[in-house]
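Each remark here refers to the structure printed beneath this line.
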Amino acid sequence: MPRDNRLFKTQVNRVLDLLAAQGQTALGSEAELAHRLQASRTTIRAALTHLRDLGILSWDGRDKRLLRAPRPQDYFAPAEARTTAETVEQRFLGWVLTADLAPGTILNEARLARELDLPLAGLREYLIRFQPFGLIEKQPNRHWVMKGFTRAFADEMFEVRVLLEQRALARLIARPDPALIARLSGLRADHLRVRDGTEAEAMGFPALDARFHALLCEGARNRFIFDFSRTTSIIVHYHYLWNRKGEAGRNRNAADEHLAILDAIEAGCAKTARTALQRHLATAHRTLLALVPWPEDQGRADHRSDDDGPGDLSTFSVDGFGDETRES
């Protein structure tokens, strides 16, 4: 396998994370590693061969032994290990969060691909994923229109978001992944800067929020949950941009809520973690409903009946869904 392959480099870094977190116990069979990292056995074998060549481990048939702990220089640079899809997602999210896009903004995909230095086909494939959500609408001549969605859609999206993120959190605590928890813990310093730092640092929270929730959803070990989290992140933060009043304060509060979730994950306390996540998602839901000028609310007072949506999501849970029941 060529050593400039991004998938290969990604898996090398992930195996190194496992070794750093678990040591010798991380070295199961290739099939076990492939299942755990959601990669092919061919890619895992290539990664193990590379680590053997670096002198990190020995590998003879089924016998694998850790020879030394991973060092920072053993890792590929993040930019090298990032897949094309991840690069498109990161650059598009960064652009959405800084471009001050109003509803109705027309995007020319060729011009945007040049501006973001992205492959046109990769950008087009990424934009298509938002069509079913109503965030972006395809127009003739390779144009797209940035749109919003209705309040009812926001309620439905958050109801599913709560269900899936609680599922991911429950599984992460019931079946801990030390490497993933270490990556989550690695975001602590960034959260503290948002919470306790300058206003400029607080305004950098949206990208951090996207990383936190993406890592949390990795805990589900379910590609559909992970993909949903990546999509909803852009939808939510795009709508937050419509009203930036008090944004720094909101971001600091959200960072503090993330830290409460992280504390509970590190402690392995499922009940505390679930309560902290419910509180955080309920806050995010209320914030979105309060900030966006929903079309159906224009010209009338904001009024909701019991049948308008899921209501208070702070009490919504997935108790009884699946087998993750460990409490602390």
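The values are calculated or read from the model by the stated rules, or taken from the named source; none is laboratory data. Predicted, not measured: the structure shown is a model, and the values here were computed from it. Neighbour counts run over all protein chains shown; Cβ positions are idealised from the backbone, glycine included.
Residues of region 20-70 being β-branched (Val, Ile, Thr) and in contact with a helix residue (DSSP H, G or I) (Cβ under 8 Å, 6 or more places away or on another chain), which ones? Talk me through it step by step, then tell me what you get.
Residues of region 20-70 that are β-branched (Val, Ile, Thr), as a first pass: 25, 42-44, 49, 56.
Answer for region 20-70, where residues must be β-branched (Val, Ile, Thr) and in contact with a helix residue (DSSP H, G or I) (Cβ under 8 Å, 6 or more places away or on another chain): Thr43, Ile44, Ile56.
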request  = Those residues that are among the hydrophobic types (A, V, I, L, M, F, W, C) and touching a Leu at 6+ places or on another chain (Cβ under 6 Å), I need them from region 237-261; list them, please.
outcome  = Ile261
ask   = What number of residues within region 44-99 satisfy the criterion of being of a type outside the set (A, V, I, L, M, F, W, C) and within 30 Å of Ala110 (Cβ to Cβ)?
value = 12
key: Residue list for region 149-192, filter: surrounded by fewer than 16 Cβ atoms within 10 Å (Cβ to Cβ) and free of Cβ contacts under 8 Å to residues at least 24 places away in the same chain   = Gly186, Ala189
ask   = Can you name the residue in region 210-245 that is at pLDDT 80 or above and outside any helix (DSSP H, G or I) and is also farthest from Arg129 (Cα to Cα) among such residues?
value = Lys245
ask   = Out of all the residues in region 248-273, which are in contact with an Asp or Glu (Cβ under 9 Å, 6 or more places away or on another chain) and part of a helix (DSSP H, G or I)?
value = Ala248, Asn251, Arg252, Ala254, Ala255, His258, Ala270, Lys271, Thr272, Ala273
query = Just one of the numbered conditions (1) loosely packed, with under 15 Cβ neighbours inside 10 Å; (2) under 24 Å from Ala220 (Cβ atoms) is not true of Ala69; which one?
reply = (2)
message = Just to be sure before I move on: is Glu156 touching a strand residue (DSSP E or B) at 6+ places or on another chain (Cβ under 6 Å) and at pLDDT below 90 in the structure I sent?
response = no
Every residue from region 145-177 that is closer than 19 Å to Ile225 by Cβ, of a type in the set (D, E, K, R) and assigned to a loop (DSSP other than H, G, I, E, B) = Arg175, Asp177
key: Of all residues in region 1-46 being touching a Leu at 6+ places or on another chain (Cβ under 8 Å) and among the polar types (S, T, N, Q), the one that is modelled with the lowest pLDDT   = Gln24
request  = Output the qualifying pairs, or none if there are none: Cβ atoms under 7 angstrom, residues six or more apart or on different chains, first residue in region 15-38 and farther than 18 Å from Asp60 by Cα, second residue modelled with pLDDT under 80 and in a helix (DSSP H, G or I).
outcome  = Leu18/Ala26
